[in-house]
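Here is the structure we will look at.
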Amino acid sequence: MKRINYLATFLFAAFILSSCGGLDKMKEEASALQYNVTPKVLEMHANTVKYEITGDVPAEWFNKKAIVEFTPVYKYNGGEEVLESKTYQGESVEANNKVIPYETGGSVEFAGEFEYDEAMRKGQLEMRAVATINDDNLELPALKLADGIISTPLLVKVDPKPIMASDKFERVVTEKQMADIHYVIQRSNIRRSELTAEDIAELEKFVKEANEKENKEFKGIEISAYASPDGPEKLNERLSVERKKSADNYLAKVIDKAKVKDKDAEALYNMKSTAEDWEGFKKLVEASTIEDKDLILRVLSMYSDPAVREKEIKNMSATFEILAEDILPKLRRSEITVNVEKIGFSDEQLLDFAVTNPDTLNIEELLYAAKLTKDLEGKANIYKIIIEKHEGCYRAHNNLGFVYIKQGNLADAKASLEKANELKEGDAIVNNNLGVIALKEGDKETAEQYFLNATDAGTAVDYNLGIIKIMDGEYEAAINYFQDHKSFNAALAMLLAGKNDSALKTIDAVEEDDAMNDYLKAVIAARIGDEGTVLNSLKTAIEKDPELIELAKTDLEFRTYFENEVFKSMIQ
């Protein structure tokens, strides 16, 4: 019996030793495991870091009785991100994990993503593992897989473009005044009653004022004389000519009374006459409630000969009586049109009046003057004046919001734009500007919706959507939105889409003298492998903005230059 107990004890001790020996061997040889990470340097896109890890397990490493839990971990200053683990087992283990054969070895695979934090910029990805045989656990040495995270998309400039609502100011405005002189049938003399009509009085007043005002200039007078289509054609031709002459004689007296210079008056006239006004007749019939209206219009469409038209219409005796009473008298007339150009204030006058005497200007002139004003505070003051005088002008509220955005005053900008939207809900320009505020406040989703509702407002909206597409990691879409913009962000989108040559051409075409343009050029050159451009562009960027030193120190875009003596001297 004792011999049996001794044998059991011996076998148990041997089992324990073999278990411990198996774990120790796996720990000692853990460095033989080989891992590949894709991408080799982790990258952040759309605020997410994606990774793929494959590991080769060598032959005779994975103990047949072992279970190993592998866990990728990203360590950084201030924390660590423990990623999804996977468990594998040896051939003798009765469980449901993937088996790694002892004789041949095998592979382990991981894929996942984690949310990026700016503190993660500098850190390392490592693989941790815990091996278990029976109830014994042993933590294997952690193996470093990759250094840091490239976060180049965060270079995006969140500088959405607001839009000003345009004014309708015209320095030269065309004005016209019209009057009609009506005649008795088959007569061309002007009756006294016609000369006392309201439109004639307004015409005479218009001519007098235009001649007296220094900022008004005559641009032509048109006299069109007509005869109604009843009666012989030759008679109507004579009547229309005589009526033109009578209207001309009347107007000559008006011009003489207004003391218009003879030379100017002679250049004004553009006279014509129409013998039989069939077109005018047709319009009046179409607008009438005459019972046989459709029949009359059919006659006009069927016959082009004036005599045939007249005969057919006169055959409708009852209808013709109505025409003779209600329609034809309106056609026996001379139409007089006086054209004048009004020349507005100069830019200098507008700028002065907008501040010193705003009541002198109309709303369009004030909006135009605000646009001329160079400083933002001056613009804001004029828009406030417009709002005081014209509370319902959504353009003034929108443009005041524009100025506040430029001044960085987002709270007041938002209030102004919400008022503009209240006055003209759904306006594309106002939507764009509300989107600008939302994006600057960090509300990307709301901003994008505003921009999508503002696509009719112009190319500024495309630029703003391009910014969002960079933030979303949709770089090809961003490039498409930036196609009308040679900008830092356009070059960045091309770089992130792998279009390095296009990115370099674009950043070189950007006219703005900004340190970040030089910094981005250095990043592009680093990807291309152009050491000279990397060092020269980075040097220029740091000279313009020394704070970029801290960014360059940990920017893994420059990882191959960290030991370069010139690079090191720049970031000391």
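The values are calculated or read from the model by the stated rules, or taken from the named source; none is laboratory data. Note that the coordinates shown come from a computational prediction; the quantities given were computed from them, not determined experimentally. Ideal geometry is used to build each Cβ from the backbone, glycine not excepted, and the neighbour counts take in all protein chains shown.
As an exercise: evaluate residue 103 against (1) among the charged types (D, E, K, R); (2) more than 14 Å from residue 127 (Cα to Cα); (3) within 44 Å of the chain's Cα centre (by Cα) and give the number of the one condition it does not meet.
Going through (1) among the charged types (D, E, K, R); (2) more than 14 Å from residue 127 (Cα to Cα); (3) within 44 Å of the chain's Cα centre (by Cα) one by one, residue 103 breaks only (3).
Conditions: (1) within 18 Å of the chain's Cα centre (by Cα); (2) closer than 23 Å to residue 367 by Cβ; (3) surrounded by fewer than 17 Cβ atoms within 10 Å (Cβ to Cβ). Residue 412 meets all but one. Number of the miss?
Every listed condition holds for residue 412 apart from (1).
Within the stretch 399-409, how many residues turn out to be part of a helix (DSSP H, G or I) and surrounded by fewer than 16 Cβ atoms within 10 Å (Cβ to Cβ)?
Within the stretch 399-409, the first condition is being part of a helix (DSSP H, G or I), and the residues that meet it are 399-407.
Now narrow it down to the ones that are surrounded by fewer than 16 Cβ atoms within 10 Å (Cβ to Cβ): 406-407.
Final tally of qualifying residues: 2.
If I ask for residues that are of a type outside the set (Gly, Ala, Ser) and either assigned to a loop (DSSP other than H, G, I, E, B) or at pLDDT below 95 (or both), which ones from the stretch 474-500 would you list?
Pass one, the stretch 474-500, residues of a type outside the set (Gly, Ala, Ser): 474-476, 479-486, 488-489, 492, 494-496, 499-500.
Within the stretch 474-500, 474, 482, 483, 484, 485, 486, 499 meet the criteria.
Give me a count of the residues in the stretch 324-367 that are modelled with pLDDT of 85 or more and part of a helix (DSSP H, G or I).
Count: 18.
Checking residue 187 against (1) among the basic types (Lys, Arg); (2) under 10 Å from residue 332 (Cβ atoms); (3) surrounded by 14 or more Cβ atoms within 10 Å (Cβ to Cβ); (4) out of contact with any strand residue (DSSP E or B) (no Cβ under 6 Å at 6 or more places or on another chain), only one condition comes out false. Which one?
Residue 187 satisfies every listed condition except (3).
Does the stretch 331-358 hold any residues that are farther than 30 Å from residue 188 by Cβ and touching a helix residue (DSSP H, G or I) at 6+ places or on another chain (Cβ under 8 Å), and which are they?
From the stretch 331-358, those farther than 30 Å from residue 188 by Cβ are 341-358; that's our starting set.
Across the stretch 331-358, the qualifying residues are 344, 345, 347, 350, 351, 353, 354, 355, 358.
I'd like to verify a number: residues in the stretch 368-383 that are surrounded by 19 or more Cβ atoms within 10 Å (Cβ to Cβ) and at pLDDT 95 or above, how many? Walk me through how you get there before you give the answer.
Residues of the stretch 368-383 surrounded by 19 or more Cβ atoms within 10 Å (Cβ to Cβ): 368-370, 373, 379-380, 382-383.
Going one step further and asking which of them are at pLDDT 95 or above, we end up with 368-370, 379-380, 382-383.
Qualifying residue count for the region: 7.
Over 32 Å from the mean Cα position of the chain (by Cα) and within 21 Å of residue 154 (Cα to Cα), is that true of residue 566?
Working: over 32 Å from the mean Cα position of the chain (by Cα): yes; within 21 Å of residue 154 (Cα to Cα): no.
No.
Looking at 549, 524, 507, which is the one that is among the hydrophobic types (A, V, I, L, M, F, W, C), at pLDDT 95 or above, assigned to a helix (DSSP H, G or I) and surrounded by fewer than 16 Cβ atoms within 10 Å (Cβ to Cβ)? Working first, answer last.
Details: 524 fails: surrounded by fewer than 16 Cβ atoms within 10 Å (Cβ to Cβ); 507 fails: surrounded by fewer than 16 Cβ atoms within 10 Å (Cβ to Cβ).
Exactly one of 549, 524, 507 is among the hydrophobic types (A, V, I, L, M, F, W, C), at pLDDT 95 or above, assigned to a helix (DSSP H, G or I) and surrounded by fewer than 16 Cβ atoms within 10 Å (Cβ to Cβ), namely 549.
Working carefully through the options 47, 36, find the one that is within 24 Å of residue 155 (Cα to Cα), modelled with pLDDT of 95 or more and surrounded by fewer than 16 Cβ atoms within 10 Å (Cβ to Cβ). Outline the logic, then answer.
Details: 36 fails: within 24 Å of residue 155 (Cα to Cα).
Of the residues listed, the single one that is within 24 Å of residue 155 (Cα to Cα), modelled with pLDDT of 95 or more and surrounded by fewer than 16 Cβ atoms within 10 Å (Cβ to Cβ) is 47.
For residue 570, state whether it is in a helix (DSSP H, G or I), modelled with pLDDT under 95 and not assigned by TED's automatic domain parsing to the domain that holds residue 42. Full working, then the answer.
Values: in a helix (DSSP H, G or I): yes; modelled with pLDDT under 95: yes; not assigned by TED's automatic domain parsing to the domain that holds residue 42: yes.
Yes; evaluated as a whole, the condition is true for this residue.
Mind listing whichever residues of the stretch 39-51 are within 21 Å of residue 474 (Cβ to Cβ) and either not basic (Lys, Arg) or not in a strand (DSSP E or B) (or both)? Working first, answer last.
Let us first name the residues in the stretch 39-51 that are within 21 Å of residue 474 (Cβ to Cβ), namely 39, 42-51.
Matches in the stretch 39-51: 39, 42, 43, 44, 45, 46, 47, 48, 49, 51.
Filter the stretch 441-462 for residues that are of a type outside the set (Gly, Ala, Ser) and surrounded by 18 or more Cβ atoms within 10 Å (Cβ to Cβ) and give the result. Steps first, please.
Going through the stretch 441-462, the residues of a type outside the set (Gly, Ala, Ser) turn out to be 441, 443-446, 448-453, 455-456, 459, 461-462.
Within the stretch 441-462, 448, 450, 451, 453, 461, 462 meet the criteria.
Surrounded by 24 or more Cβ atoms within 10 Å (Cβ to Cβ), hydroxyl-bearing (Ser, Thr, Tyr) and farther than 30 Å from residue 116 by Cα - does that describe any residue in the stretch 384-396?
no
Against the definition (surrounded by fewer than 19 Cβ atoms within 10 Å (Cβ to Cβ), at pLDDT 95 or above, in contact with a strand residue (DSSP E or B) (Cβ under 8 Å, 6 or more places away or on another chain) and within 15 Å of residue 137 (Cα to Cα)), how does residue 87 come out, yes or no? Steps first, please.
On the way: surrounded by fewer than 19 Cβ atoms within 10 Å (Cβ to Cβ): yes; at pLDDT 95 or above: yes; in contact with a strand residue (DSSP E or B) (Cβ under 8 Å, 6 or more places away or on another chain): yes; within 15 Å of residue 137 (Cα to Cα): yes.
Taking the combined requirement at face value, the residue satisfies it.
Would it be correct to say that residue 534 is modelled with pLDDT of 95 or more and surrounded by fewer than 20 Cβ atoms within 10 Å (Cβ to Cβ)?
no
I'd like the full set of residues that are free of Cβ contacts under 8 Å to residues at least 24 places away in the same chain and within 21 Å of residue 344 (Cα to Cα), limited to the stretch 214-240. Outline the logic, then answer.
Here is the first cut: in the stretch 214-240, the ones free of Cβ contacts under 8 Å to residues at least 24 places away in the same chain are 214, 232, 234, 238.
Answer for the stretch 214-240, where residues must be free of Cβ contacts under 8 Å to residues at least 24 places away in the same chain and within 21 Å of residue 344 (Cα to Cα): just 214.
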